[in-house]
Every structure is written in structure tokens, then in C-alpha cells.
Amino acid sequence: MKKKKILLFILMMTVTVILLNTNKSKAALQANGGTPATKGINDWITGIRQMQATGGTLGLTDAINGTNLTSGNKNLDIHMQKNTEYGAMVILSASSYGNPNSITDGQTTTGNETGIKMKINKEWVAAGMSNTAAISMKNASNRYKNQYTAPTYTEKVGDAVATIGGWHGSGAKTWISSKSNQSGTIIRSCLLRSYAGSIFSYYGYGYNYAHNVDNATDIESDRQDADYRKSWSSRAVVVVGSGV
């Protein structure tokens, strides 16, 4: 982080405030430039929470519960972006306060340096099913994820999924796959945003069981892009304020 130029972009948006609490403000810590790190879902959701732990990136004194990812800190909350938080970014970009043009790779939500830089390179959000195989997300407190029910998409306020599918040349709009092993206990699919064509695209197909319907062994070639073990980029969301 010290080697990168840090842009602190504070969003005071009505949509975001309504989603959380009218007495709270949200801040996104945006590191612009360079190639983003890539990790699987489990590593992102736990690693980003550890940013506020003792010895973490921000050098704070805090203890993070390794299972549900909660802590005793009531003034700061750093976590992997949820689907609704990614949705807030892209809704902002399409609003009258956003980028007047279709955002291409590397442009920002406002069209200038005050905005959030968007990459069209497959971006993880903390979103999945209740029986997801991504253990860290499955065990995490609900405040750190958006949980959906397969196979039918049910809108969450602000997630900007079905309502924006196909916008600005989006090349994909595939919801989270409910394919599992025959016993129906494992869902390997999570959700990627900014998948192809534009920041409004999304993709949730994670595993092809055509060769292995019983899931007796794991075949690497059957792992599709939204398999929770695949390594893609993500974002950290920083919530600050009294009583967060």
C-alpha cells in the first residue's frame, strides 16, 4: 500500500445511507494504478477483514473472530465488497453524478480522478448461496456477505444485477449456478462482477459436472470462472463512524 498512490474517495450517497443507517457514512479506500492482486473467495473475505486486525495493513489494535469475522471495534469495519456495495458503485456511475460515457477499462465512475477506478477484469464480490463450498463466506456473519437462494435470483436492494444486465455493452449476465453434486450439498459457484464488456456484466457459473456428476474427484479442467477457488481481484470496503 505504501508503494501505491492512495486515493481516499468519500461517498455520501442517499442509496448507501438508506442501505445501512442514516447516521453512518461510508468511505472507500481506493488504490489506483498497478496490477491488482488476485485471490480466491476464502482468502479475500478473511484477508481483507484482517486489514484492521493487530499487525494488519492499517496497523490497528483489533481482534477478528476467525469464524464469523466480527470484532469488538464499533468505529471501523473493513470487509470484502458485497454485491450490494458493488451495485452502489455502478449505480453511481450511471447516475447524473457519474461518468457521462460508457466506462472502459481503467476509467472511473465519475469520468475524472475523483471517482472509483473500474477494471473490466473479473472482480469477486461476497455473494453466494447458503450451501456454498466457500467455507469462509459460508461461516461469515451476514453483514459481510449477500446470501441468495439458488436457482432463482431474488433482488436485494441496491445489488444492481437483473436491473442492469446488458447495459453499456455488457458481455455476460449469468446468475449464480445451482449445480452441485448429486446429494445437493455443494455449490461451488460464487459471483463475479465486471466480467466482460462493461462494469455492468456479471457471471456466476462455477463448475461443469459433465465429466463428474458424482463429484467423486475434482477435475481442474471443469472449474469455470466463477468457481470460488479461482483467483480474481476484489475490493476492500471501509466503513467508518460511531457505532458501525
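All of the numbers you see were taken from the coordinates with simple rules; none came from a lab. These numbers were taken from a predicted model, which means no experiment stands behind them. For neighbour counting, all protein chains shown are included, and Cβ atoms are generated from backbone atoms with ideal geometry for every residue, glycine included.
Here are the numbers for the structure shown:
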item	result
Mean Cβ count within 10 Å, highest first, over the residues of peptides 226-238, 105-117	226-238, 105-117
Overall form of the range 30-186 per C-alpha gyration tensor (a/c, 1.5; a/b vs b/c)	oblate
Stretch gain in nm, segment V240-I219, where the contour uses 0.36 nm per residue and the Cα spacing is subtracted	3.3 nm
Potential lengthening between T38 and R143 on full extension [0.36 nm per residue; Cα-Cα distance subtracted]	35.5 nm
Zone of V157's modelled label, taken as backbone nitrogen in the range 57-99 under 14 Å from a point 7 Å along Cα→Cβ	84-85, 88
Ellipsoid semi-axes in whole angstrom, largest first, where each is sqrt(5λ) of the Cα gyration tensor of the range 47-92	23, 11, 9
Label point distance in nm, E113-A63, each placed 7 Å from Cα along Cα→Cβ	4.3 nm
